[in-house]
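Note sheet for the following structure.
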Amino acid sequence: MHSPISQGQVKTKRIIRRAGEWDVWALTQIRNDAHAKKVAHGDYVWGKEGDGFSERWVRNNVSQKEVYVVEQDGMSVGTFSLDLDDDRHWGSQEPIAGYVHGLCVRKGFNGYGLGGFMIDWCADKVNALNRRFVRLDCDGGNAKLCAYYESLGFVRVGLKPIPDSGEYIASLYEKLAL
């Protein structure tokens, strides 16, 4: 019998659960790690260098939205929210999609498949709700992030300037929730 783990690899346990008040401190760190990475790539959709996210902002986000935390071997390493509508970016739509926002990974954990893990989880949840698409948006000027989402199977279906956000043009992506 072959082991599912190759020599030199360590099997990790990942779970996704709804975030709560007790997660605010860790989620603030994770959001700020992702913010710094975006700024390093010239993506200022979440603000300029030094802006970041406060614990108060994260606490409000957790209390008002479906925010999730990703744990790997008991450590909080990622976060995102999943909404069933997104009028700001997509306009009024038929109930055919789930919308992913704020996909973030803790510094030092990029490149280990966490983003794909979160997107797959969202696709399963969206599919279970009898919706066809997982949708998200990102800064159309962040070529690396756009390429990343495309590598996960997303297709760019439009560009949309976002009012009251400076020069931000959202690149709208979707993929089938299979």
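The values are calculated or read from the model by the stated rules, or taken from the named source; none is laboratory data. Because the structure is predicted, anything quoted here is derived from the model rather than measured. When we count neighbours, we look across all protein chains shown, and the Cβ atoms used for this are built from the backbone with ideal geometry, even at glycine.
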Got a sec? Which of Val45, Val10 is among the β-branched types (Val, Ile, Thr) and either closer than 21 Å to Gly140 by Cα or at pLDDT 90 or above (or both)?
Val45
For Asp23, only one of the following conditions fails: (1) surrounded by fewer than 21 Cβ atoms within 10 Å (Cβ to Cβ); (2) touching a residue at least 40 places away in the same chain (Cβ under 8 Å). What is its number?
(1)
Which condition breaks for Phe80 when tested against (1) in contact (Cβ under 8 Å) with a residue 60 or more places away in the chain; (2) out of contact with any Ser or Thr (no Cβ under 7 Å at 6 or more places or on another chain)?
(1)
When the residues of segment 87-108 are narrowed to those that are in contact with a helix residue (DSSP H, G or I) (Cβ under 9 Å, 6 or more places away or on another chain) and not in a strand (DSSP E or B), which ends up surrounded by the most Cβ atoms within 10 Å (Cβ to Cβ)?
Arg106
Restricting attention to segment 142-174, which residues are of a type in the set (Ser, Thr, Tyr) and over 26 Å from Asp120 (Cβ atoms)?
Ser165, Tyr168
Only one of Leu152, Leu176, Leu84, Leu136 is surrounded by 21 or more Cβ atoms within 10 Å (Cβ to Cβ), under 17 Å from the mean Cα position of the chain (by Cα) and either of a type outside the set (D, E, K, R) or at pLDDT 90 or above (or both); which?
Leu136
